[in-house]
1. Give the stretch 38-64 a look and list any residue that's outside any helix (DSSP H, G or I) and touching a residue at least 60 places away in the same chain (Cβ under 8 Å), or say none.
2. Inside the stretch 146-199, can you point out the residues that are assigned to a helix (DSSP H, G or I), without any contact (Cβ under 8 Å) to a residue 40 or more places away in the chain and closer than 23 Å to residue 130 by Cβ?
3. Can you pull out every residue in the stretch 184-203 that is touching a helix residue (DSSP H, G or I) at 6+ places or on another chain (Cβ under 7 Å) and either modelled with pLDDT under 85 or within 24 Å of residue 263 (Cβ to Cβ) (or both)?
4. Please find, among 97, 117, the residue that is in a helix (DSSP H, G or I) and at pLDDT 90 or above.
5. Among the residues of the stretch 220-227, is there at least one that is surrounded by fewer than 19 Cβ atoms within 10 Å (Cβ to Cβ), out of contact with any strand residue (DSSP E or B) (no Cβ under 7 Å at 6 or more places or on another chain) and in a loop (DSSP other than H, G, I, E, B)?
6. Suppose we keep only residues that are surrounded by 24 or more Cβ atoms within 10 Å (Cβ to Cβ) and outside any helix (DSSP H, G or I) within the stretch 234-250. Which one would you say is farthest from the chain's Cα centre (by Cα)?
């Protein structure tokens with residue numbers, strides 16, 4: 001028989017909430033640490049580059065000359081090279097990555113999707129210096145003899161952006177290298193987002209007589225578009241900060257390129273190639289100012305991406321409610 005609780009017995013013991021409090025405190029501490037770390041990096045870069053901002057002001061961002069001998073430093077060639085190579089890389093990688101993710105998630109049989117997905121993710125494990133070597137000795141000669149010569153001879157006669165002699169090493173080659181490097185990020189995240197779409201979305205469209213193409217484009221992709229945009233933004237963030245592979249194929253010419261086939265320089269490659277040999281003073285401060293500029297560009301990109309994803313997700317919820 002079960003003993004009845006007597007009047008002198010106290011209330012039942014409740015489980016201790018100490019583990020919950022410890023977990024909540026540790027999680028909050030970790031979140032605060034990340035914010036403090038980011039702010040600390042920004043403050044440190046700002047203080048270390050104070051000499052450059054006092055000497056040039058905001059003209060540092062718009063200056064086009066980088067001459068350590070004359071003591072003149074302008075970041076515009078490196079900002080332009082960073083944005084241009086990243087744009088080329090994303091223009092190439094986004095459609096290829098999205099189509100690959102759709103194939104792996106929607107069309108490929110399991111016996112093919114699993115090993116192919118593993119190979120795509122394995123591409124992210126290749127060191128950037130190895131991809132850079134491959135770009136210098138294999139990709140650049142192929143681009144110069146095929147794609148760049150063809151674009152310069154056809155489109156280049158009409159659009160100056162594609163005009164000029166092709167060297168194989170330059171802005172376009174760096175963009176192609178970046179496309180290869182960000183492809184695993186876009187494919188992996190987009191594939192997971194597409195797989196997370198409820199099967200009811202697909203089954204409903206197929207039950208109405210839709211084809212596989214119509215089901216994918218009208219039911220799956222609209223449901224997963226916020227995650228896909230997030231994948232593209234993450235890939236763009238890596239493209240902006242990539243260093244070694246870009247340094248080996250971009251040409252390292254601190255000038256604003258007049259053509260996609262010209263040689264240029266990015267912020268990350270300039271810091272990597274000259275920081276160890278920079279003189280103490282204005283040159284070192286200017287290189288740190290470049291790092292602060294890249295950090296600001298990355299933060300601004302993430303803010304815009306967050307707002308864009310939130311807006312797209314809100315539109316998707318509204319469409320689902322209306323439907």
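1. Step one: of the stretch 38-64, the residues outside any helix (DSSP H, G or I) are 49, 57-58, 63-64.
49, 64 - these are the residues of the stretch 38-64 that are outside any helix (DSSP H, G or I) and touching a residue at least 60 places away in the same chain (Cβ under 8 Å).
2. Within the stretch 146-199, just 147 meets the criteria.
3. The answer is 201, 202.
4. Numbers: 117 fails: at pLDDT 90 or above.
Result of the check over 97, 117: 97.
5. no
6. Here the answer is 250.
The values are calculated or read from the model by the stated rules, or taken from the named source; none is laboratory data. As the structure is a prediction and not an experimental result, all values here were calculated from the model. No Cβ is skipped: glycine too gets one built from the backbone with ideal geometry, and neighbour counts run over all protein chains shown.
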